[in-house]
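Chemist: If you scroll down you'll find the structure; I have some questions about it.
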Amino acid sequence: MKKPFIHDDFILQSEAAKRLYSDYSKDEPIIDYHCHLPPQEIAEDKNFNNLTNIWLDGDHYKWRAMRTCGVDEKYITGSASDKEKFMVWAETVPKTLKNPLYHWTHMELKNPFGITEQLLDGKSAEKVWDKCNEMLQLPEFSTRGLLKRNNVKVVATTDDPTDTLEYHQQLMEEKVDEFIMVPTFRPDRGMEIENGDEWRNWVQKLSEVSGVNISSFDDFLEALRQRHDFFDEMGCRASDHGTDRPYSDDFTGKEIAVIFKKTLDGQSPSEEEVRKFKSAFLYHCGVMDEEKGWVYQLHVGAIRNNNSRMMKQLGRDTGFDSIGDFELALPLSHLLNRLDAQDNLPKVVLYNSNPRDNELMATMIGNFQDGSVAGKLQHGPPWWFLDQKDGIEAHIESLSNMGVLSEFIGMTTDSRSFLSYPRHEYYRRVLCNVLGSDMEKGLLPPDFDLVGNMAKDISFENANTFFDFKAD
């Protein structure tokens with residue numbers, strides 16, 4: 001019988017790799033410490049109507065591929081029916097050979113749908129559509145059912161400080177045993193003073209939800225801190241900051257007060273003032289995180305919303321972002337040093353979108369490790385354009401060579417889809433393949449407990465300990 005494309009030994013190219021994966025990594029629970037799953041859908045235990053709703057809606061990876069293959073926007077984000085959109089996606093899949101989408105697509109058909117006997121294309125699309133849609137109506141294919149099915153112990157959503165967190169509260173009151181859902185403090189909108197009225201409207205919303213009348217920068221910080229406290233009460237263990245670069249210009253309190261007031265009053269800040277404000281904002285968020293023992297996550301290096309025409313038509317996060325080539329080393333050093341010098345440096349996870357910056361990040365984190373926490377600073381997992389096999393391998397090698405791989409906190413989905421949990425399996429397979437290959441080459445000892453327990457810790461326990469989730 002012909003072996004299916006996604007089989008038990010997929011990616012595992014040596015006997016050592018197979019043993020490491022099957023005996024040490026495969027069955028470890030999942031800590032998804034950074035994702036974009038909608039809390040409401042988890043709280044309401046939603047069942048999706050069809051495969052397009054759960055798989056294609058909001059997936060800008062797939063949208064980019066479809067556009068590249070000549071698919072009209074009608075079948076991507078437009079007026080076409082859900083079935084039409086899926087059928088066009090299925091016809092696109094064979095064209096994605098050598099793109100990680102081809103791997104992910106077939107891994108996600110295997111888990112959770114059990115489809116391994118056929119590849120997805122225009123010919124198989126109807127059968128796949130019917131089978132998956134029928135399964136999606138079952139209780140075990142609800143949002144919570146899928147989390148349980150994938151042995152997910154922690155879901156850390158991404159939440160604006162102005163969010164009410166009502167769905168987190170709902171889940172807490174239910175006292176769900178199988179997993180926990182915690183918020184993550186994502187205050188990007190508060191940093192974007194260059195956005196004028198959009199920023200001012202956000203400040204007004206922050207004022208309303210916090211109960212703080214905001215007329216000065218001190219008021220602004222008080223309101224942010226109030227929300228920070230509330231998030232902490234709701235189980236939050238981390239903040240997250242998505243920015244093009246690690247802003248760390250020198251600033252004074254008086255300067256920031258003036259910049260804040262003039263922008264709040266409707267004036268446009270200069271480029272220098274924008275940089276200073278962002279620098280102050282990132283610093284103060286780090287201080288708040290350190291006070292509570294949170295993790296400070298920093299995603300840098302992407303150029304977002306490049307296509308202004310499509311930005312107006314579709315909005316943010318619709319597939320028009322790319323890798324940037326910003327200067328990172330000096331400003332990142334300055335930001336971390338400013339926090340460290342004043343004893344305000346929290347645990348940190350640094351994510352880069354440009355592969356050229358792997359070694360930069362791997363060496364930067366070593367500058368501020370202080371022995372207080374194992375792996376206090378982390379080079380975060382391969383992110384966005386780098387979360388494929390080559391990117392994962394490059395990250396493993398740079399971190400191994402210039403840091404300590406055994407303290408690494410493992411993969412996260414960074415996804416809006418409940419079908420993305422095979423990303424953890426994908427990472428674990430690549431990790432075990434790299435380690436197994438080194439064992440067979442004699443570059444690592446032939447001690448499976450020694451090497452395997454490292455893979456096991458990277459798969460689950462390191463993240464569980466680092467974020468202090470206390471998951472079983």
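Chemist: State all residues of region 17-34 that are surrounded by 22 or more Cβ atoms within 10 Å (Cβ to Cβ) and within 22 Å of the chain's Cα centre (by Cα); if no residue qualifies, say none. Give the derivation first.
Modeler: We begin by selecting, within region 17-34, every residue surrounded by 22 or more Cβ atoms within 10 Å (Cβ to Cβ); these are 17, 20-21, 24-25, 30-34.
Within region 17-34, Ser25, Ile30, Ile31, Asp32, Tyr33, His34 meet the criteria.
Chemist: Does Gly391 satisfy the criteria of being crowded, with 22+ Cβ neighbours inside 10 Å, within 30 Å of Arg19 (Cα to Cα) and either modelled with pLDDT of 95 or more or of a type in the set (Gly, Ala, Ser) (or both)? Steps first, please.
Modeler: Working: crowded, with 22+ Cβ neighbours inside 10 Å: no; within 30 Å of Arg19 (Cα to Cα): yes; either modelled with pLDDT of 95 or more or of a type in the set (Gly, Ala, Ser) (or both): yes.
No.
Chemist: Against the condition in a helix (DSSP H, G or I) and either crowded, with 17+ Cβ neighbours inside 10 Å or modelled with pLDDT of 95 or more (or both), how does Asp163 come out, does it pass? Please lay out each step first, then the result.
Modeler: Working: in a helix (DSSP H, G or I): no; either crowded, with 17+ Cβ neighbours inside 10 Å or modelled with pLDDT of 95 or more (or both): yes.
No.
Chemist: Can you pull out every residue in region 241-293 that is in contact with a strand residue (DSSP E or B) (Cβ under 8 Å, 6 or more places away or on another chain) and of a type in the set (Val, Ile, Thr)?
Modeler: The answer is Thr243, and nothing else.
Chemist: Additional query: Inside region 36-45, can you point out the residues that are surrounded by 24 or more Cβ atoms within 10 Å (Cβ to Cβ) and in contact with an Asp or Glu (Cβ under 9 Å, 6 or more places away or on another chain)?
Modeler: Pass one, region 36-45, residues surrounded by 24 or more Cβ atoms within 10 Å (Cβ to Cβ): 42.
Result: no residue meets the conditions.
Residue by residue, here is whether (1) aliphatic (A, V, I, L, M); (2) touching a helix residue (DSSP H, G or I) at 6+ places or on another chain (Cβ under 8 Å); (3) under 24 Å from Gln226 (Cα atoms) holds:
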residue: Thr252; (1), (2), (3): no, no, yes
residue: Tyr296; (1), (2), (3): no, yes, yes
residue: Val300; (1), (2), (3): yes, yes, no
residue: Phe320; (1), (2), (3): no, yes, no
residue: Leu328; (1), (2), (3): yes, yes, no
residue: His334; (1), (2), (3): no, no, no
residue: Ser353; (1), (2), (3): no, yes, no
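Chemist: If a residue counts only when it is crowded, with 24+ Cβ neighbours inside 10 Å, which helices (runs of 4 or more DSSP H) contained entirely in region 421-472 have at least 3 such residues? Don't jump to the end; show me each part of the working.
Modeler: Working: elements: 422-440, 448-456, 462-466.
It comes to 422-440.
Chemist: State yes or no: is Asn401 at pLDDT 95 or above and within 18 Å of Gln297 (Cβ to Cβ)? Even if it seems obvious, please write down each step before you answer.
Modeler: Values: at pLDDT 95 or above: yes; within 18 Å of Gln297 (Cβ to Cβ): no.
It is false that Asn401 is at pLDDT 95 or above and within 18 Å of Gln297 (Cβ to Cβ).
Chemist: Now for a different question. Only one of these is in contact with an Asp or Glu (Cβ under 6 Å, 6 or more places away or on another chain), of a type in the set (D, E, K, R) and either in a helix (DSSP H, G or I) or surrounded by fewer than 19 Cβ atoms within 10 Å (Cβ to Cβ) (or both): Lys276, Lys261, Lys254. Name it. Working first, answer last.
Modeler: Values: Lys261 fails: in contact with an Asp or Glu (Cβ under 6 Å, 6 or more places away or on another chain); Lys254 fails: in contact with an Asp or Glu (Cβ under 6 Å, 6 or more places away or on another chain).
Just one listed residue meets the conditions, Lys276.
Chemist: Confirm whether Thr243 is surrounded by 18 or more Cβ atoms within 10 Å (Cβ to Cβ) and either touching a His at 6+ places or on another chain (Cβ under 9 Å) or on the phi > 0 side of the Ramachandran plot (or both).
Modeler: On the way: surrounded by 18 or more Cβ atoms within 10 Å (Cβ to Cβ): yes; either touching a His at 6+ places or on another chain (Cβ under 9 Å) or on the phi > 0 side of the Ramachandran plot (or both): yes.
In short, yes.
Chemist: Identify all residues within region 393-420 that are within 24 Å of His60 (Cα to Cα) and outside any helix (DSSP H, G or I); write none if there are none.
Modeler: Gly410, Met411, Thr412, Thr413, Asp414, Ser415, Arg416, Ser417, Phe418, Leu419, Ser420
Chemist: I'd like to verify a number: residues in region 341-378 that are charged (D, E, K, R), closer than 24 Å to Lys292 by Cβ and crowded, with 18+ Cβ neighbours inside 10 Å, how many?
Modeler: First, pick out the residues of region 341-378 that are charged (D, E, K, R): 343, 347, 356-357, 359, 370, 376.
With the extra rule that they be closer than 24 Å to Lys292 by Cβ, the set shrinks to 343, 347, 370, 376.
Checking which are crowded, with 18+ Cβ neighbours inside 10 Å leaves us with 347, 376.
Of the residues in region 341-378, 2 are charged (D, E, K, R), closer than 24 Å to Lys292 by Cβ and crowded, with 18+ Cβ neighbours inside 10 Å.
Chemist: Asp249 - would you say it is closer than 21 Å to Leu339 by Cα, assigned to a loop (DSSP other than H, G, I, E, B) and out of contact with any Cys (no Cβ under 8 Å at 6 or more places or on another chain)?
Modeler: Working: closer than 21 Å to Leu339 by Cα: yes; assigned to a loop (DSSP other than H, G, I, E, B): yes; out of contact with any Cys (no Cβ under 8 Å at 6 or more places or on another chain): yes.
In short, yes.
Chemist: Which ones in region 298-332 are assigned to a loop (DSSP other than H, G, I, E, B) and either in the same structural domain as Asp57 (by TED's automatic domain parsing) or exposed (fewer than 13 other Cβ atoms within 10 Å of the Cβ) (or both)? Break it down into steps so the answer makes sense when it comes.
Modeler: In the first step, residues of region 298-332 are kept if they are assigned to a loop (DSSP other than H, G, I, E, B); the result is 301, 304-307, 315-321, 324-328.
Asn306, Gly315, Arg316, Asp325, Glu327, listed by residue number.
Chemist: Of all residues in region 45-95, how many are under 13 Å from Ala125 (Cβ atoms) and without any contact (Cβ under 8 Å) to a residue 12 or more places away in the chain?
Modeler: The number of residues fulfilling the criteria is 1.
Here is a yes/no grid of residues against (1) over 23 Å from Asp249 (Cα atoms); (2) among the hydrophobic types (A, V, I, L, M, F, W, C):
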site: Val274; (1), (2): no, yes
site: Phe277; (1), (2): no, yes
site: Tyr283; (1), (2): no, no
site: Val287; (1), (2): no, yes
site: Glu290; (1), (2): no, no
site: Val300; (1), (2): no, yes
site: Arg309; (1), (2): yes, no
site: Leu332; (1), (2): no, yes
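Chemist: Report yes if some residue within region 37-58 is in the same structural domain as Phe113 (by TED's automatic domain parsing), modelled with pLDDT under 95 and outside any helix (DSSP H, G or I); otherwise report no.
Modeler: yes
Residue-wise test of (1) at pLDDT 95 or above; (2) under 20 Å from the mean Cα position of the chain (by Cα); (3) of a type in the set (Gly, Ala, Ser); (4) not assigned by TED's automatic domain parsing to the domain that holds Trp55.
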site	(1), (2), (3), (4)
Glu407	yes, yes, no, yes
Ser415	no, yes, yes, yes
His424	yes, yes, no, yes
Arg429	yes, yes, no, yes
Cys432	yes, no, no, yes
Asp438	yes, no, no, yes
Glu461	yes, yes, no, yes
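Chemist: Given the criterion buried (at least 19 other Cβ atoms within 10 Å of the Cβ), assigned to a helix (DSSP H, G or I) and of a type in the set (Phe, Trp, Tyr), identify the matching residue among Phe230, Phe220.
Modeler: On the way: Phe230 fails: buried (at least 19 other Cβ atoms within 10 Å of the Cβ).
Only one candidate qualifies: Phe220.
Chemist: Among the residues of region 76-101, which ones are among the hydrophobic types (A, V, I, L, M, F, W, C), assigned to a loop (DSSP other than H, G, I, E, B) and closer than 18 Å to Thr318 by Cα? So that I can check it myself, show each step before the final result.
Modeler: Kept after step one, since they are among the hydrophobic types (A, V, I, L, M, F, W, C), are these residues of region 76-101: 76, 80, 86-90, 93, 97, 101.
So of that shortlist, the ones also assigned to a loop (DSSP other than H, G, I, E, B) come out as 76, 80, 97.
Selection gives Ile76, Ala80.
Chemist: Taking region 114-130 as the region of interest, how many residues are surrounded by 16 or more Cβ atoms within 10 Å (Cβ to Cβ) and assigned to a helix (DSSP H, G or I)?
Modeler: 3
Chemist: Scanning for something among the hydrophobic types (A, V, I, L, M, F, W, C) and assigned to a loop (DSSP other than H, G, I, E, B), does region 192-205 turn up at least one residue? Outline the logic, then answer.
Modeler: Narrowing region 192-205 to residues among the hydrophobic types (A, V, I, L, M, F, W, C): 193, 199, 202-203.
Still in the list and also assigned to a loop (DSSP other than H, G, I, E, B): none.
No, region 192-205 has no match at all.
The values are calculated or read from the model by the stated rules, or taken from the named source; none is laboratory data. It should be emphasised that the depicted structure is a prediction, and the values quoted were computed from it without experimental measurement. So basically every Cβ, Gly included, is an ideal-geometry build from the backbone, and we count neighbours across all protein chains shown.
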